[in-house]
Structure formats: C-alpha cells, structure tokens
Amino acid sequence: MTSTDALKVFSDLFAIVAPVFAGAGLGWLWGHLKRPFDHAMVTALATQIATPCLIFSTLTRMDVTTAAFGEIALAALVSYALMGALGAGVLLALRQPFHSYLPSLMFGNIGNMGLPLSLFAYGHAGLALAIAVFAVGAVLQFTLGVWITSGKGSPAELLRTPILYAVAAAMAFMIAGEKPPLWLHNSTRLIGELMIPLMLLALGVSLASLRVASLSRAVGFSVLRLAGGFACGVLVAWAMGLTGAARGVLIVQSTMPVAVFNYLFAKAYDRKPEEVAGIVLISTLISLATLPLLLLAVLRWDMPGL
C-alpha cells in the first residue's frame with residue numbers, strides 16, 4: 001500500500017468516526033461545563049418518540065426485504081445469546097453477581113454509536129440493517145435487561161415498548177410491498193432524524209459525569225465486552241453465511257461498548273451503579289481508540305485492497 005493509498009484509507013475511516021466523535025465530544029463539553037441538560041427528558045424523547053419514528057421511516061423507505069430483515073434480526077438474537085452465555089460463565093467463575101454486571105456485558109451501545117457508525121460506513125442500507133439489530137437489542141434490554149437488573153419482570157413490559165410497535169408497523173408495509181403515505185413518511189423521517197444527534201449528545205453528557213470506582217474490574221469487563229462481542233459477531237456472521245453490509249453491521253454492532261442504559265438501570269435498582277459507571281466509561285474510551293481498527297477490519301473483508 002502506497003502512502004497515497006494509506007492516506008485515502010485514513011481519510012475514509014476518519015469520515016466515518018468523525019461524526020460520532022463530534023457529537024459525543026460536544027455532549028461531553030456541554031456536561032463538563034455544567035450546562036443544563038435534562039437527561040431523563042432527552043432519553044425519553046430519543047427512545048420513545050424519535051427512535052420509533054427512525055425505525056419506521058428507515059425500514060419503509062429502504063429496499064430491505066423482510067427476509068434480509070429477519071436474517072440479521074435472527075443473527076443479532078443469536079449473538080446476544082452467545083454473549084450472554086459467555087458473560088454468565090465468566091461471572092459465575094469470578095463469583096460476581098449477575099444482576100450488577102451481566103446486562104453490561106450483554107448490551108452494547110448499539111444506538112448512540114452503532115447506528116451512526118453503520119450509517120456512515122455502509123450508507124442508508126447499512127442503517128436499515130443496523131436498525132434491525134438495534135430493534136432486537138432494545139427490546140431485549142428493556143425487558144430481559146431490566147428483569148436481570150431488578151430481579152423481577154413481566155411479559156407485559158413488551159407491550160409498553162414503542163419500538164416493538166414501530167417495527168410491527170414497518171413490517172406490515174414491507175410485507176404488503178407498499179409505501180406509507182407521503183405525509184406519514186415525511187413526518188416520521190423528520191422526527192426520527194432527531195434520534196442520532198440526541199443520543200450522541202446524551203452519551204457525551206453522561207461520560208462527563210461518570211467516574212471509575214474499580215479500575216481493574218472496569219478494564220477487565222470492558223475488554224470482555226468488546227473482545228467477546230467482536231468474537232460473537234464474527235462467529236455468528238460466519239455460521240450464518242452473512243456477507244457484505246450485513247456481516248459488517250452485525251460485527252460492528254456486536255463490538256460496541258457498554259450502553260449507558262445499563263448504568264441508569266443499575267442506579268435505579270441500586271445494583272453497584274458506581275461499578276457499572278466505570279465499565280461504561282472505560283469501555284467507551286477503549287472503543288473510541290479502537291474504532292478505526294474495527295472499521296478497517298470489517299471493511300477489508302469486502303475491499304481487500306484497503
């Protein structure tokens with residue numbers, strides 16, 4: 001590879017990660033300056049309004065078949081199951097409580113970071129596939145994740161998950177082979193476009209306030225989340241024969257750092273929130289440093305000349 005080629009590769013990778021760094025960086029600066037930020041309101045707007053709109057508008061305007069959607073959703077489900085089994089095995093061996101650490105090992109930041117990375121790496125087709133992974137992960141985190149953390153749960157929680165209804169509505173149009181009315185498409189697209197910048201800003205503000213309680217444990221669990229997630233993503237992609245954007249998106253989404261929601265749930269149910277905060281912070285910092293390598297790895301499978 002010549003120096004010109006190397007410079008182009010660096011430029012392409014920087015174009016993918018720069019928006020993530022910029023959004024989270026602005027959020028961190030806002031939080032560091034102690035400027036007002038209603039985290040609960042922003043999170044509610046992003047997850048209950050903007051995210052369902054983004055899911056609906058993206059899936060109904062993209063050329064993603066129900067088969068492709070189902071395939072990557074199944075791959076995501078298997079990847080979560082593998083990571084859950086790996087995390088549970090490690091925690092059992094270390095005699096650490098599942099309710100405090102297992103959700104952090106299972107659920108990565110597939111919304112704040114995974115969606116924009118998939119969008120800028122693979123375009124709108126990649127975003128549609130990433131949303132399928134995100135939909136599976138969000139439903140699992142807001143049901144299974146809460147159940148593990150709280151120690152109790154009910155299937156009725158599914159009925160209170162707006163993302164589920166957005167997916168169902170989009171699938172209805174996809175199966176029928178129809179496009180939604182223009183007014184509905186334009187409305188959901190406009191509101192849905194709030195989601196990514198809102199979540200990036202919220203991520204940055206959260207990172208500005210988080211602190212590390214136990215550095216060794218935070219580093220260890222962070223490496224397990226990132227390396228284990230990468231291994232699970234690669235294994236599932238290989239086993240299911242995924243190629244191209246589907247393979248890249250699954251691996252990228254599987255390798256995301258610990259989601260901030262894990263800290264919020266740990267705080268709500270008093271499950272070692274300081275420890276979880278440290279894992280969120282350290283895993284995010286490691287991920288930001290290794291993102292170019294991750295993207296280079298997944299993109300090289302389809303473009304060996306990189």
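The values are calculated or read from the model by the stated rules, or taken from the named source; none is laboratory data. Values in this document were obtained by computation on a predicted structure and should not be read as measured data. Please note: Cβ atoms are built from the backbone with ideal geometry, for glycine as well, and neighbour counts cover all protein chains shown. Surface accessibility is based on the protein's heavy atoms, side chains included, excluding ligands, DNA and RNA. Shrake-Rupley method; radii C 1.70, N 1.55, O 1.52, S 1.80 Å.
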key: Selection within the range 247-269 - open to solvent by less than 10 Å² (accessible area, probe 1.4 Å) and within 10 Å of the chain's Cα centre (by Cα)   = Val252, Gln253, Met256, Pro257, Val258, Ala259
ask   = Of the conditions (1) within 30 Å of Ile175 (Cα to Cα); (2) open to solvent by 20 Å² or more (accessible area, probe 1.4 Å); (3) in contact with a Phe, Trp or Tyr (Cβ under 8 Å, 6 or more places away or on another chain), Ala88 fails just one. Which one is it?
value = (1)
request  = Report whether or not Lys272 is free of Cβ contacts under 8 Å to residues at least 60 places away in the same chain and open to solvent by 60 Å² or more (accessible area, probe 1.4 Å).
outcome  = no
Conditions (1) farther than 30 Å from Glu274 by Cβ; (2) open to solvent by 60 Å² or more (accessible area, probe 1.4 Å); (3) assigned to a helix (DSSP H, G or I); number of the one not met by Glu178 = (3)
remark   = Checked the range 137-156 for anything among the polar types (S, T, N, Q), out of contact with any Asp or Glu (no Cβ under 8 Å at 6 or more places or on another chain) and assigned to a helix (DSSP H, G or I); matches are Gln141, Thr149, Ser150
request  = Check the range 211-227 and report whether any residue there is open to solvent by 60 Å² or more (accessible area, probe 1.4 Å), modelled with pLDDT of 85 or more and small (Gly, Ala, Ser).
outcome  = yes
task = Among residues belonging to the range 275-299 that are of a type in the set (Val, Ile, Thr) and open to solvent by 40 Å² or more (accessible area, probe 1.4 Å), point out the one that is nearest to Ser214 (Cα to Cα).
result = Ile286
request  = For the range 123-136, state whether one or more residues are open to solvent by 20 Å² or more (accessible area, probe 1.4 Å), in a helix (DSSP H, G or I) and at pLDDT below 85.
outcome  = yes
note = Subset of the range 250-306, residues within 18 Å of Val133 (Cα to Cα), at pLDDT below 90 and touching a Lys or Arg at 6+ places or on another chain (Cβ under 9 Å), comes to Val298
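Conditions tested, residue by residue: (1) touching a residue at least 60 places away in the same chain (Cβ under 8 Å); (2) under 22 Å from Pro197 (Cβ atoms); (3) over 17 Å from the mean Cα position of the chain (by Cα).
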position	(1), (2), (3)
Ala50	yes, yes, no
Thr66	yes, no, yes
Ala76	yes, no, no
Ala85	no, no, yes
remark   = Gln96 vs (1) assigned to a helix (DSSP H, G or I); (2) open to solvent by 10 Å² or more (accessible area, probe 1.4 Å): all pass except (1)
task = With the condition kept exactly as written, say whether any residue in the range 228-246 is surrounded by fewer than 21 Cβ atoms within 10 Å (Cβ to Cβ), over 15 Å from the mean Cα position of the chain (by Cα) and more than 27 Å from Ala125 (Cα to Cα).
result = no
key: Matching residues, the range 22-61, being open to solvent by 80 Å² or more (accessible area, probe 1.4 Å), in contact with a Leu (Cβ under 9 Å, 6 or more places away or on another chain) and closer than 25 Å to Thr161 by Cβ   = Ile49
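Residues are listed down the side, and each one gets a yes or a no for (1) touching a Gly at 6+ places or on another chain (Cβ under 6 Å); (2) of a type in the set (Gly, Ala, Ser); (3) in a strand (DSSP E or B):
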site	(1), (2), (3)
Gly220	no, yes, no
Leu224	no, no, no
Cys232	no, no, no
Leu235	no, no, no
Leu242	no, no, no
Ala246	no, yes, no
Val249	yes, no, no
Ala266	no, yes, no
Val276	no, no, no
